[in-house]
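Laboratory data are not the source of any read-out in this text; all were calculated from the coordinates shown. Please read all numbers here as calculations on a predicted model, not as lab measurements. Neighbour counts are summed over all protein chains in view; Cβ atoms, including those assigned to glycine, are modelled from backbone coordinates with ideal geometry.
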Amino acid sequence: MNMITDATHVAQHEAARAAAAAGGEFLTFRLGAEEYGIDILKVQEIRSYEQPTRIANAPPFVKGVVNLRGVIVPIVDLRLKLACETAEYNSFTVVIVLNVRGRVVGAVVDSVSDVLELGAGTVKPAPEMSTAVDTSFITGIGSINERMLILMDIEALMSSAEMGLINDARH
C-alpha cells in the first residue's frame, strides 16, 4: 500500500469515527455474546444463510460466493474474521448484503437485532487498546439503556488489504 492510499484510508476511517460520534441509524447484529452496529446506509438487504460455493485457497473466513440475482457476491463470515469462539449455522444465521465502495459483499452474522437511532450523546469513542488488539475497525461504543453496541466501520473492515475483496485501484 502506498503512502497516498494509506492516508486516504486513515482519512476515511476518521470520517467514519466522526459520523458514528454524530449518531444516526445503525443496523444491529450479534456475533457471539456481543452486539455490533453498522451504518444502515451500507446495508443493501438481509438474507437467510445459504451454503456458498467454496473458492479454492480462500482464507477460512471467506466462505465462498453466491449468485445474487446475477451478481457474484463473496461471503465473509464475520464470526471467523473477528475470532468469535463459535460459528454455528442455524435458523437465526443471516447474511447482511453490503454495498462497500461500489462492490456487493455478504457478511455472515449470528442474527440481526434491529435498527437503532443513536443520538450524538449516546456514542463514546472506542477505548485505546494495546497494539495486540486490532480496534481499527471500531468507530465507537453506543449505549442505549442497558445495551452496549460496538459500532463498526464495515467499509474499512471489508476493504482492508487482508480481506482481498476490494481492489484499491478501483476508487
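Straight-line cross-link partners of K63 among the lysines, defined as a Cα under 21 Å from its Cα and at least 8 positions apart when in the same chain: K42, K81.
Ranking of S91, S143 by neighbouring Cβ atoms within 10 Å, starting from the fewest: S91, S143. From the alpha carbon centroid of segment 70-85 to that of segment 27-66 is 4 Å. Within a straight-line Cα-Cα reach of under 20 Å, K124 cannot be paired with any lysines, leaving aside sequence neighbours fewer than 8 residues apart in one chain.
Each of D39, D114 was scored by other Cβ atoms within 10 Å of its Cβ. Arranged with the fewest first, they read D114, D39.
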